[in-house]
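No lab work stands behind these numbers, since they all come straight from the coordinates. Just so we're clear, the structure is a prediction, and the values are computed from it rather than from any experiment. Reconstructed Cβ throughout: ideal geometry from the backbone, glycine too, with neighbour counts over all protein chains shown.
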Amino acid sequence: MTGVSREPRERLGGVVLSVVRIIISFLFLLHGAAALFGVLTPGGMPTPVGLWPSWWAGLIQFVGGALVLVGLFTTPVALLCSGSMAYAYFTVHQPRGLLPIQNAGELAALYSWFFLLFAALGAGPFALDALLRRRRRAHAPVNATADETPGTGDARP
């Protein structure tokens with residue numbers, strides 16, 4: 001595809017990343033709400049506070065899902081969410097069978113990989129992280145010297 005601009009495609013990629021992040025993290029947040037508060041499921045009961053690992057997993061799902069949903073601290077929070085789902089997969093599901101389809105671990109595996117993707121690629125353009133980054137750039141000194149990296153304020157070695 002010579003002569004075709006990739007810019008619209010790249011912009012669309014960022015929008016799609018943001019939309020997928022919002023949907024996945026909202027679903028993750030709902031799992032946390034169900035675990036912590038006993039809502040959204042028929043006959044749901046809240047997990048007793050502090051019960052290992054269920055209550056802690058619910059807390060990570062609820063708080064982590066909310067933070068990734070709005071795109072705040074996306075990289076570290078998404079990494080924590082990914083790790084918690086990998087832990088859930090290998091400690092709860094994998095002992096029941098080799099493959100996710102055999103051990104009912106499809107959701108844990110998918111969440112783990114999606115959140116690893118968000119940790120690697122970031123939140124996309126529709127996120128508080130992106131808004132804060134734009135604000136920092138807008139308030140950066142206009143007369144930055146050549147020895148400074150634009151937007152960071154860090155001097156180059």
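Based on Cα atoms of the chain, Rg over Rh with Rh as the Kirkwood radius reads 1.11.
Applying both filters, DSSP loop and at most 15 other Cβ atoms within 10 Å, to the trypsin sites (Lys or Arg not before Pro) of the range 5-63 gives Arg6. Modelled this way, with points 7 Å down the Cα-to-C-beta line, the labels at Leu121 and Leu98 are 3.1 nm from one another. Protection proxy ranking of 131-139, 118-126, by the mean of other Cβ atoms within 10 Å over each peptide's residues and highest first, is 118-126, 131-139. One decimal place: the segment Thr75-Trp56 gains 4.9 nm when fully extended, by the rule 0.36 nm per residue minus the C-alpha distance. Dipole of the chain computed with +1 at Lys/Arg Cβ and -1 at Asp/Glu Cβ about the Cα centre; of Gln61, His139, Ala123, farthest Cα towards the positive end is His139. Helix-only arithmetic for the chain: the sum of -39500 (n - 2.57) across DSSP H runs with n ≥ 4, divided by the residue total, places the mean residue ellipticity at 222 nm at -18000 deg cm²/dmol.
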